[in-house]
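Here the structure is laid out as C-alpha cells; the discussion comes afterwards.
The values are calculated or read from the model by the stated rules, or taken from the named source; none is laboratory data. Every value quoted in this text rests on a predicted model; they were computed, and no experiment measured them. Cβ atoms come from the backbone with ideal geometry, glycine included; neighbour counts cover every protein chain shown.
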Amino acid sequence: MERLSIYHQIRDAVEAIQSRCALKPEIGIILGSGLGGIAKDVQDPTLIPYSEIPHFFGTSVEGHSGMLVLGLLKGVPVVMLQGRFHSYEGYTMEQVVFPTRTLCGLGIQTLITTNAAGAVNQNYKPCDMMLVEDHLNLMGDNPLKGSHLSDLGPRFPDLSEAYNKVCLGILERSAKKAGISIQKGVYAGLMGPTYETPAEVRMLRTLGADAVGMSTVPESIAANHLGVQVAGISIITNYAAGMSPHKLTHSEVIENSKKGAVQMKLLLETALPELARSTQAPPQTKEHAIIGGTLS
C-alpha cells in the first residue's frame, strides 16, 4: 500500500465522520472485548456503524459490536470505538490501526485503549483492573513496517513513554478517589488467536509481563507515531494458562469483562475531566499534519 494512499484513506474516513457529526472530540476511547456497553452513557450520541465509514471493516469477534460513537461523557467531547480489528482475523497491521489513525485525524489529544487480558502476574485475579505502564511487542509485526509514512510521523518514533505518565498519574488518583483497587504493570501483546501455553506464560513472566492479550500494542504505536498521548487499561478476565485448573474460553473472557466494565466505567467518568484539562494539542507540523482536521 502506498504512503499517500494510506493518508488519503484516513482523510476519507475523517471527512465521512465529520459530515455526520460536528463535535470535535478531545479524547478517544477504544473499548475492548465485553466493554462496549460503556458507550451507553455518552450524552447526545451520534452512532456510526463501521460499515458506513470508508475503509473500515465489520467486526467478527464476540464482544466487539463495530460502532463508532461521538458525544459527551461527563462534559468531555469523546469518540469511542466499540470494538477493534485484530491481526489474527487476517487483517494487516495497517488495517488494524486504521481506526486508531482515524481517531487521531479527528483531532483527539489523548487515546485511551482498553482491553481484556489474561493474568501473568501471580498476584492478579480475574476482574482486577491494570493500568498499562509499558508493553512488550511480541506480535512479530509492527504497524509502521514498510514505506516511511512521513505524512503521519517520524521514521523512528520514540517509545520511551508509550503510555503517558501524566495520564497514568491521573488514572491512579481517580481510582483512589473512586475507591477502586488498581494494579499497574506491563502488557504483553501476542498475535493469537490461540491462548498461550503454560510454557509461554512462564516465558512472559520471566520477560517481565504482568498481563497478556492480543491487541493494544499496535494502537499505542500508531497513536504515538502521530504525537497523541496514550493511556492503557486492562481488565484481567482470566488466569493465563497453567495458573487455573480449567481450560480457558472466550465466554469466560466476555463474562469477566462485563463484570469489570462497571469499575472501568466509574474510573473513566472520574478521570475524564482531569484528563481533558491536562492534555496539550500535538504540534501542527508537517509530520503531524493529519491531526485536528488539517488534512490537505
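So the values come out like this:
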quantity: Unique match (being at pLDDT below 85, part of a helix (DSSP H, G or I) and closer than 22 Å to Ala211 by Cβ) among Val262, Val253; calculated: Val253
quantity: Members of segment 5-51 found to be closer than 25 Å to Asp151 by Cβ, among the acidic types (Asp, Glu) and part of a helix (DSSP H, G or I), listed by number; calculated: Asp12, Glu15
quantity: Any chance Tyr187 is in a loop (DSSP other than H, G, I, E, B) and among the hydroxyl-bearing types (Ser, Thr, Tyr); calculated: no
quantity: Test: residue in segment 85-99 that is assigned to a strand (DSSP E or B), under 30 Å from Ser244 (Cβ atoms) and not hydrophobic (A, V, I, L, M, F, W, C); calculated: no
quantity: First in segment 128-154 and over 21 Å from Leu103 (Cα atoms) and part of a loop (DSSP other than H, G, I, E, B), second anywhere and hydroxyl-bearing (Ser, Thr, Tyr) and at pLDDT below 95, Cβ under 8 Å, 6 or more apart; calculated: Asp128/Ser181; Met139/Ser87; Asp141/Ser87
quantity: Selection within segment 1-56 - over 30 Å from Glu252 (Cβ atoms), among the aliphatic types (A, V, I, L, M) and without any contact (Cβ under 8 Å) to a residue 60 or more places away in the chain; calculated: Ala16, Ala22, Leu23, Ile48, Ile53
quantity: Flag if Leu190 is under 16 Å from the mean Cα position of the chain (by Cα), among the aliphatic types (A, V, I, L, M) and over 27 Å from Gly140 (Cα atoms); calculated: no
quantity: Conditions (1) under 25 Å from Ser278 (Cα atoms); (2) among the polar types (S, T, N, Q); (3) over 14 Å from the mean Cα position of the chain (by Cα); number of the one not met by Ser147; calculated: (1)
quantity: Residue identified as surrounded by 18 or more Cβ atoms within 10 Å (Cβ to Cβ), under 18 Å from Ile30 (Cα atoms), at pLDDT below 95 and among the hydroxyl-bearing types (Ser, Thr, Tyr) among Thr237, Thr216; calculated: Thr237
quantity: Of the criteria (1) at pLDDT below 95; (2) within 11 Å of Ala211 (Cα to Cα), which one Leu131 fails; calculated: (1)
quantity: Qualifying residue in segment 56-69 (condition: in a strand (DSSP E or B) and either of a type in the set (Lys, Arg) or in contact with a Pro (Cβ under 7 Å, 6 or more places away or on another chain) (or both)); calculated: yes
quantity: Residues satisfying the stated conditions in segment 155-179, i.e. touching a helix residue (DSSP H, G or I) at 6+ places or on another chain (Cβ under 8 Å) and within 20 Å of Val96 (Cα to Cα); calculated: Pro157, Leu159, Ala162, Tyr163
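A quick yes/no check of all residues on (1) surrounded by 21 or more Cβ atoms within 10 Å (Cβ to Cβ); (2) closer than 19 Å to Leu267 by Cα:
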{"residue": "Leu106", "(1), (2)": "yes, no"}
{"residue": "Asn115", "(1), (2)": "yes, yes"}
{"residue": "Gly118", "(1), (2)": "yes, no"}
{"residue": "Gln122", "(1), (2)": "no, no"}
{"residue": "Asp128", "(1), (2)": "yes, yes"}
{"residue": "Val132", "(1), (2)": "yes, yes"}
